[in-house]
Every structure is written in C-alpha cells, then in structure tokens.
1. If only one of Ala264, Ala250, Ala212 is buried (at least 24 other Cβ atoms within 10 Å of the Cβ) and over 30 Å from Arg64 (Cα atoms), which one is it?
2. Taking the conditions exactly as written (part of a helix (DSSP H, G or I) and open to solvent by less than 10 Å² (accessible area, probe 1.4 Å)), does Ile159 satisfy them or not?
3. Test Gly187 against the stated conditions and say whether it is open to solvent by less than 60 Å² (accessible area, probe 1.4 Å) and under 22 Å from Trp407 (Cβ atoms).
4. Can you tell me which residue in the range 269-323 is farthest from the chain's Cα centre (by Cα), limited to those that are of a type in the set (Ser, Thr, Tyr) and open to solvent by less than 30 Å² (accessible area, probe 1.4 Å)?
5. Select, from Tyr91, Tyr82, the only residue that is on the phi > 0 side of the Ramachandran plot and modelled with pLDDT of 95 or more.
6. Which of the residues belonging to the range 116-133 are open to solvent by less than 10 Å² (accessible area, probe 1.4 Å) and either more than 20 Å from Ser388 (Cα to Cα) or part of a helix (DSSP H, G or I) (or both)?
7. Starting from the range 63-80, keep only residues that are free of Cβ contacts under 8 Å to residues at least 60 places away in the same chain, then list their pairs with residues that are of a type in the set (Gly, Ala, Ser) whose Cβ atoms are within a distance under 9 Å, requiring at least 6 positions of separation or different chains.
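The values are calculated or read from the model by the stated rules, or taken from the named source; none is laboratory data. Given the structure is predicted, the values throughout are model-derived calculations rather than measurements. Glycine also receives a Cβ, built like all others from the backbone with ideal geometry; neighbour counts cover every protein chain displayed. When the accessible area is computed, the model is the full protein with side chains, heavy atoms only, and any ligands, DNA or RNA have been set aside. Shrake-Rupley method; radii C 1.70, N 1.55, O 1.52, S 1.80 Å.
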Amino acid sequence: MKLSKIVIAAAVVAAGASGVATSAFAQAKEQFFPLLSYRTGPYAPNGTPWANGKQDYLKLINARDGGVNGVKLTFEECETGYLTDRGVECYERLKSRPGVTLFDPQATGITFALTEKAPVDKIPLMTLGYGLSVAQDGMAFKWNFPLMGSYWTGADILIQHIGKNAGGLDKLKGKKIALVYHDSPFGKEPIPLVQERAKMHGFELQLLPVTAPGVEQKATWLQVRQSRPDYVLLWGWGVMNSTALKEAQATGYPRDKMYGVWWAGAEPDTRDVGDGAKGYHALALNGHGTQSKVIQDILKHVHDKGQGTGPKDEVGSVLYTRGVIIQMLGVEAVRRAQERFGKGKVMTGEQVRWGLENLALDQKKLDALGFNDVMRPLSTSCTDHMGSTWARVHTWDGKQWKFSSDWYQADEQILKPMVKAGADKYLGDKKMTRREPADCQS
C-alpha cells in the first residue's frame, strides 16, 4: 500500500546532535491529520485534486501561520484506491498515531464501515457532502459529521431546481426522471429522497444502476434511449461521469436535460468530453477559481515556494477547492476545541469532536479565513451535524463550469422527518439509544 508521509522536522533540528529524533517528535506539539486518498485506479482523476487541496491547506497553515496557535500540523497519506477494505486498513494503521485529529474517509462505503468503529476509538468522521444522510442527526450519530450537505439534501435541491425551471414543482406531474447511479452505497443513498419527492409531485422515477467503476454503460443508455425520460439525474464518480456524458452524446440524449450530483460536476468529468458535454448541469457545493484570498495565499506561500502537492494549474479547480474547504473545517475544529480545552495544546479526537459540533463560521469569519465567495456560512450543534444545506447549480459551457443558479437550501420540512426516522431505525437495528441532552456539554 502506498504511503507518503510529511512530518514537520523543526523539533528534530532544534534538538541538536545530542537529541534523539523519536524523542523530539514525542515531545513536539503536533496535531496529526490522517489523510485517506485514492491517487490510483478509475477514481484517481477526481480523487487526486481533492487530496492535493487538503495537503496544500495544511502546508499553508504551517507556512503562513506557524500552525494552530503554535501547534504544528502533520499528516500521513494512505492510499485506499476507493476500496472499503483498504480504507479500513488505513484507518486501523493510522488511528493510534499521537495527536490524531479526525478521519475524512473520502468514500461512502468506507464511511459505512467506520461508523461503528469511530465511537469505540473516539475519533470523529468528517464526511463533507457524502456518507450517511441520516448522520445529520447529532443526537443519534455523535461521531459523524456530514458537513455542508448529504445525498438527500443534494437530491432535494436538484428536484427543486428542475421544478423551478419547469415552471413549478406541480409541473413535474406525469414526467419521468431517470436516476443513473453508481451501484454502491454512494449511488444508492439518494434513492429514498427522490422516491419521496416522486410521491409528492407525481413524477415517475426510473432507477438505472451502473456497475462500478462505470466504464461500461451502453446497456444503461440504451434503456435511456428507449424510455425517453424527461430528465436524467447522474449520481456518478470518477470515470463513470465522463463515460455517461459520452454515451448520452452517442445516443442523442440532450445534455441540458442531465443533472449531476456535486461529485459529478468537476473539470475531470467534462474536460475530455468538451463540447460534447455542453449544457450539462451539476450541483456545486463550493465556489471555484483563483480569485479568493485562501487560493491566493496557497499560491503565494505554498506553490511559489516549490511546496505544492500537485500541478499549479489545478489550484482553484472544483475538487481541489473542496479539499481545501474540508481541511479548513478540520483545522477550525481544532482551533475551536483549543478555545475550550487549552490554547496551544494538541487536541484529542474527543476534543476535536466537540470542536466539530460547535463550529460557528459566519460570513465575517469566512472572510477573515480567506473563504469569501467559496462557501456559505456554517454552524453546527449537538442536534445538527451538517451545519449548512445550501448548494448552487453550475453548467458546463464546453470549456469551463459557470454558475447558472442562485443558492438553494434543502427543504427541511421533507428532510427532518426522514432523517429522524432513518436515525431511529439505525439505532434500533444496532440496539443503541439517543444521546442525553446533558451529553451535549461533554
């Protein structure tokens, strides 16, 4: 298994010739971030910029700020290939490292496998825009944090957007919507929400699973051609996305009737298809481009110093920026935890969990962090481990992604009952109980 390690060595240098390196590291104030990634296999084109953004942000905080209140940030990357068994292996290998902060599994399947392990090991899981949708309920899932959105919120926003463009949600009655999805926990996760919306609005839902990794879709798009759905929702990742767009082009399905999840709306999905993907829409969790202060700082303090993890021209791309956001939220959870448990101290997984549960990033704070125009404000609580359910739609113009809608917020009147019912079922199946209100102070 490929492992790459970056460790801040200042403590060793300071120790001098008489010091022992291992002793110096043990005494150093270092907050450790285990980074699960996939730079190999069919998902590498999407996983790589995501992983590079995460590393570059950690490097920025060390280079520009000297860490978090003097605590240096270290990390080790572990290659999963998007495979659940390898993801669990990486977790087991890295969970006992001193100063371990949190895990971002980077895969819904791995998240499912780690959800029962995290409470035992007392290490939080951050799953920004993926994972268990019902984990928004912090009273049921103490250690899971699906920040900024889930597949239920994403699916809900897509149906809202399609309805709005059709002249109202009532206009969806009698329409047919096909969900072309990755046949995995990731791809299946939005189905309950779309089924609920179908019942509400009277449209027909056609479910079309695609066998992973998604390089063979001819049979799927033959079904699309035969059934002629009014809209196609694309729930893909990696090579599946560009393959779907090429097959849609080959079968004559209009790309402007296709809407992807936010993991099917980045440059690697459309770049090779070019004009063939023109008009295709996808959800956008975050802003992109190089205009924001945080991206400018990464270019200045990291890439211009020759410390960039990947190529300079990917900085500011959709998935790279999402990686930066993920790492910022992890760092800010550490900073928030330090406010309560000791400024300048290394935080434990339990303390970082409290920090994640008490994030309060208003627009003023985001602007100060350099994330102006990158994301919406986010505020978590004991009951809400998501903190924000906003997203936009952007559209591929043949060369680049351009925003084509205002911000939407998922409909909590639909989501809250579904989340509670799903969380209660999970707890019942596992013979677990909800947290007591007093536990929110711990």
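1. So the residue among Ala264, Ala250, Ala212 that is buried (at least 24 other Cβ atoms within 10 Å of the Cβ) and over 30 Å from Arg64 (Cα atoms) is Ala264.
2. In short, yes.
3. no
4. Tyr280
5. Answer to the check: Tyr82.
6. Once the filter is applied, which keeps residues that are open to solvent by less than 10 Å² (accessible area, probe 1.4 Å) and either more than 20 Å from Ser388 (Cα to Cα) or part of a helix (DSSP H, G or I) (or both), the range 116-133 yields Ala118, Ile123, Ser133.
7. Partner pairs satisfying both residue conditions: Thr80/Ser37; Thr80/Gly47; Thr80/Gly87; Thr80/Ala107.
Residue-by-condition table, conditions (1) open to solvent by 10 Å² or more (accessible area, probe 1.4 Å); (2) not β-branched (Val, Ile, Thr):
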position	(1), (2)
Leu329	no, yes
Thr348	yes, no
Trp354	yes, yes
Leu359	no, yes
Gln363	yes, yes
Asn372	yes, yes
Arg376	yes, yes
Thr383	yes, no
Met386	no, yes
